[in-house]
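Asker: Right, I'll just put the structure down here and ask away after.
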Amino acid sequence: MKEYDFLIVGAGLFGATFAYKARNKGKKCLVIDKRPHLGGNIYCENIDGINVHKYGAHIFHTSNKEVWNFVNSIVEFNRYTNSPVANYKGKLYNLPFNMNTFYQIWGVTTPEEAIAKLESQRSESIERLRQKGITQPRNLEEQALYLIGQDIYEKLIKGYTEKQWGRKCTDLPAFIIKRLPIRLVFDNNYFNDTYQGIPIGGYNKLINGLLKDIETKTNTNFFSNREKFENIADTIIYTGAIDEYYDYCFGKLKYRTVHFETQILETPNFQGNAVINYTDYQVPYTRIIEHKHFEMFGTEVYQCPKTIISKEYSIEWQEGMEPYYPINDEDNTKLYEKYKELAQKNKNIIFGGRLAEYKYYDMAPVIEKALNIADITLR
């Protein structure tokens, strides 16, 4: 008999959720993580009473009542609503594209006027492309022009997208924006989900609740003592990079990554919103996050005399950097499928999460996936 029922490699949401379910079934688990903390990318640092999202803004949202009830059984969530603002050359626009946005760009005040303007913008763009002999979008720029026209594309999509991907929109595939959500109502809520919020007290409360009474080890790299860890448990739950697990035998998968410049400011309120996107290409960062607005509202903002902001830069991933966003183009997808085929042959290893599945995940779907796999595995 081995020492543990489950070794969970990675203390992010997938691993922590699985460990929680396994412990409740009486299973003995060990959770290891190479970072000096638990929580993966949702880890927060408390600085001057403000929970700083160390790895970027995380807003929990879902329409799955089971998942919402599950996380709230661990920690109560607040009422935060994600309503980002775009800054283009000093002018502010509401996101997602809604009646507020259309008023700010065109001065229209009714849905009928907005529809007419959108149709006019689309028609003009399609006609310009047709005159160049283009009848079907060949890249992201042409797709965006087909969907929403020149004004919104130039102000709110082009620069931000090129910074995000590090490539010109004309060099990006059209499928990246198959559709653009348009709302003909004055509603700045970015998500359409039924439930939305931030854990009261920060995301560490959620992770610590999930991993309560479970043995954990940080600063512990699976690959530094692989032979030992592969034989310590009956089953491994692996949430790291799948290509690293197989020693990059088919080659390395590619990612985009993010760099943050975080500052403590001697003011209670810097930008008045948690997230402001900078859509002008000349501004080098993609957005500024003001962390206190995730958990402090109204006059509470001014009871905390300082604020903390993070400027977010999207950059090419290199060895030693934290991989954030999988580049799910044709070549990388084919490469991942080779690793996935290998993984399916390993019966005592379960691969799950963003890196192991080479897939961008929001938080709620990660938890849902972990809960489903736990239900199947722990029968």
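Asker: Looking at the structure I just gave you, is Lys117 closer than 25 Å to Ser83 by Cα, touching a Lys or Arg at 6+ places or on another chain (Cβ under 9 Å) and open to solvent by 50 Å² or more (accessible area, probe 1.4 Å)?
Answerer: Numbers: closer than 25 Å to Ser83 by Cα: yes; touching a Lys or Arg at 6+ places or on another chain (Cβ under 9 Å): no; open to solvent by 50 Å² or more (accessible area, probe 1.4 Å): yes.
In short, no.
Asker: Do you know which residues across segment 284-294 are farther than 17 Å from Tyr55 by Cα and either surrounded by 21 or more Cβ atoms within 10 Å (Cβ to Cβ) or among the hydroxyl-bearing types (Ser, Thr, Tyr) (or both)?
Answerer: Matches in segment 284-294: none.
Asker: Checking Leu30 against (1) over 27 Å from Phe223 (Cα atoms); (2) out of contact with any helix residue (DSSP H, G or I) (no Cβ under 7 Å at 6 or more places or on another chain); (3) open to solvent by less than 20 Å² (accessible area, probe 1.4 Å), only one condition comes out false. Which one?
Answerer: Leu30 satisfies all of (1) over 27 Å from Phe223 (Cα atoms); (2) out of contact with any helix residue (DSSP H, G or I) (no Cβ under 7 Å at 6 or more places or on another chain); (3) open to solvent by less than 20 Å² (accessible area, probe 1.4 Å) except (1).
Asker: Quick check: is even one residue across segment 46-66 touching a Lys or Arg at 6+ places or on another chain (Cβ under 8 Å), in a strand (DSSP E or B) and open to solvent by 20 Å² or more (accessible area, probe 1.4 Å)?
Answerer: Scanning segment 46-66 turns up no residue that is touching a Lys or Arg at 6+ places or on another chain (Cβ under 8 Å), in a strand (DSSP E or B) and open to solvent by 20 Å² or more (accessible area, probe 1.4 Å).
Asker: Taking the residues in segment 198-213 that are crowded, with 19+ Cβ neighbours inside 10 Å and at negative phi as candidates, determine which candidate is farthest from the chain's Cα centre (by Cα).
Answerer: The first filter runs over segment 198-213 and keeps only residues crowded, with 19+ Cβ neighbours inside 10 Å, leaving 198-199, 202-204, 206-207, 210-211.
Okay, now just the ones that are also at negative phi, so 198-199, 203-204, 206-207, 210-211.
On the way: Ile198: 14, Pro199: 16, Tyr203: 14, Asn204: 17, Leu206: 17, Ile207: 17, Leu210: 20, Leu211: 22 Å.
So the residue we want is Leu211.
Asker: Do any residues in segment 122-136 that are over 13 Å from Tyr153 (Cβ atoms) have Cβ atoms under 9 Å from those of residues that are open to solvent by less than 60 Å² (accessible area, probe 1.4 Å) and polar (S, T, N, Q), where the two are at least six apart or on different chains, and which pairs are they?
Answerer: Partner pairs satisfying both residue conditions: none exist.
Asker: Name the residue that is nearest to the chain's Cα centre (by Cα), counting only residues in segment 120-138 that are buried (at least 17 other Cβ atoms within 10 Å of the Cβ) and farther than 23 Å from Tyr93 by Cα.
Answerer: The qualifying residue nearest to the chain's Cα centre (by Cα) is Pro137.
Asker: Against the definition (assigned to a loop (DSSP other than H, G, I, E, B), aromatic (Phe, Trp, Tyr) and either within 27 Å of Phe294 (Cα to Cα) or under 21 Å from the mean Cα position of the chain (by Cα) (or both)), how does Phe175 come out, yes or no?
Answerer: Answer is no for this residue.
Asker: Among the residues of segment 67-89, count how many are part of a loop (DSSP other than H, G, I, E, B) and open to solvent by 50 Å² or more (accessible area, probe 1.4 Å).
Answerer: Residues of segment 67-89 part of a loop (DSSP other than H, G, I, E, B): 75-76, 78-84, 89.
When the remaining residues are screened for being open to solvent by 50 Å² or more (accessible area, probe 1.4 Å), the result is 76, 79, 81, 89.
Qualifying residue count, segment 67-89: 4.
To keep it simple, each residue is scored yes or no on (1) closer than 19 Å to Ile309 by Cα; (2) among the hydrophobic types (A, V, I, L, M, F, W, C); (3) at pLDDT below 95; (4) touching a Gly at 6+ places or on another chain (Cβ under 7 Å).
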{"position": "Leu30", "(1), (2), (3), (4)": "no, yes, no, no"}
{"position": "Leu38", "(1), (2), (3), (4)": "no, yes, no, no"}
{"position": "Glu45", "(1), (2), (3), (4)": "yes, no, no, no"}
{"position": "Glu76", "(1), (2), (3), (4)": "no, no, no, no"}
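Asker: Let me ask you something else. Within segment 1-27, count every residue that is out of contact with any helix residue (DSSP H, G or I) (no Cβ under 6 Å at 6 or more places or on another chain), part of a helix (DSSP H, G or I) and either farther than 27 Å from Arg256 by Cα or of a type in the set (S, T, N, Q) (or both).
Answerer: 4
Asker: Could I ask something else about it? Could you check segment 159-188 and list, in sequence order, the residues that are in contact with an Asp or Glu (Cβ under 7 Å, 6 or more places away or on another chain) and either surrounded by 21 or more Cβ atoms within 10 Å (Cβ to Cβ) or within 22 Å of Phe102 (Cβ to Cβ) (or both)?
Answerer: Gly159, Cys169, listed by residue number.
Asker: Across segment 130-143, what is the total count of residues that are in contact with a Leu (Cβ under 7 Å, 6 or more places away or on another chain) and assigned to a helix (DSSP H, G or I)?
Answerer: Result for segment 130-143: 2.
The values are calculated or read from the model by the stated rules, or taken from the named source; none is laboratory data. Note that this is a predicted model, so its numbers are computed, not measured. Cβ: placed from backbone, ideal geometry, glycine included. Neighbour counts: every protein chain shown. The protein model used for the area step is the full one, side chains on, heavy atoms only, and it has no ligands, DNA or RNA in it. Shrake-Rupley method; radii C 1.70, N 1.55, O 1.52, S 1.80 Å.
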